[in-house]
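Here the structure comes first, spelled out in structure tokens, and everything after it is commentary.
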Amino acid sequence: MKIQKILFGFGILATTLISCDKKDVQLPKADKTVMKELLDHSPVYLFFDTNGTDTLVEVNRRNTISSTNWVFNIDKRLPLKLVIPEVIQLQEKKKSSSHNREDSMTLYSYADSIGSNLAFLPFTDVKYFFDNEFSKFYIKRNAELYMPYHNFTINFNKNNQITVDGNEMERSELPNFIKEFSDFMSEGKTTILHLNFDSSLTYEQYIQNKILVWGITDERIQLSSYEFIYDPKKLPACDCKL
């Protein structure tokens, strides 16, 4: 089942999808395409809604087929604290279905503002830790598992600023820093990038940050399949910098 309708305007890709029930989703924008071609897929919609001053999320997965690839069309304005619990629940529903194919994928959709096309970001293998976990603490508790690797903790805080192992980093500096540091300091080890996101960030900020880091990866630099979406008020108290 294919996404129903894509709106164009002024010569570039507009960032709105229209669902079967005529509700719209404002897609996030990014400046590169991770994946463009996709067949045999079903849509999942997470709509933005409000009730007074409260932001709400409305989920529609009525047209999903477990044996297909699932494309998550999520409104860019929604905060991660509302998006990720729904994504986790839907991941589990798909995995637990008796009709689920082992080779089927789950993907996020977004608009490539440079290529002017609808694009997809796979997250089939991602496991989310939500609310009260951070990669630095997780790695410390599982030190033996991560000892064979060179590990970077990358954090996107509530202001969408980047820190790497607690040190502030400009967005434009991140790719060269990771690549150069890995070349000189990894001692032949594979570098693993561990991603952390403040739960107050918007879904659009999340997608843009994910694609930024995805662009750094190669045979020696890999993304951890564990992602940490945290509420800073619920993290364990420590004197360390995140």
Scan the stretch 82-124 for residues that are part of a helix (DSSP H, G or I), touching a residue at least 40 places away in the same chain (Cβ under 8 Å) and among the charged types (D, E, K, R) and jot them down.
86
Please go through the stretch 187-237 and pick out each residue that is closer than 27 Å to residue 46 by Cβ, among the acidic types (Asp, Glu) and out of contact with any Leu (no Cβ under 6 Å at 6 or more places or on another chain).
198, 204, 231
Of the residues 98, 113, which single one is open to solvent by 40 Å² or more (accessible area, probe 1.4 Å) and within 24 Å of residue 175 (Cα to Cα)?
113
Scan the stretch 65-84 and tell me whether some residue there is among the hydrophobic types (A, V, I, L, M, F, W, C) and farther than 22 Å from residue 206 by Cα.
yes
Is it true that residue 87 is closer than 15 Å to residue 202 by Cα and in contact with a Leu (Cβ under 9 Å, 6 or more places away or on another chain)?
yes
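The values are calculated or read from the model by the stated rules, or taken from the named source; none is laboratory data. Values in this document were obtained by computation on a predicted structure and should not be read as measured data. Please note: Cβ atoms are built from the backbone with ideal geometry, for glycine as well, and neighbour counts cover all protein chains shown. Just the protein is used for accessible areas: all its heavy atoms, side chains included, with ligands, DNA and RNA removed. Shrake-Rupley method; radii C 1.70, N 1.55, O 1.52, S 1.80 Å.
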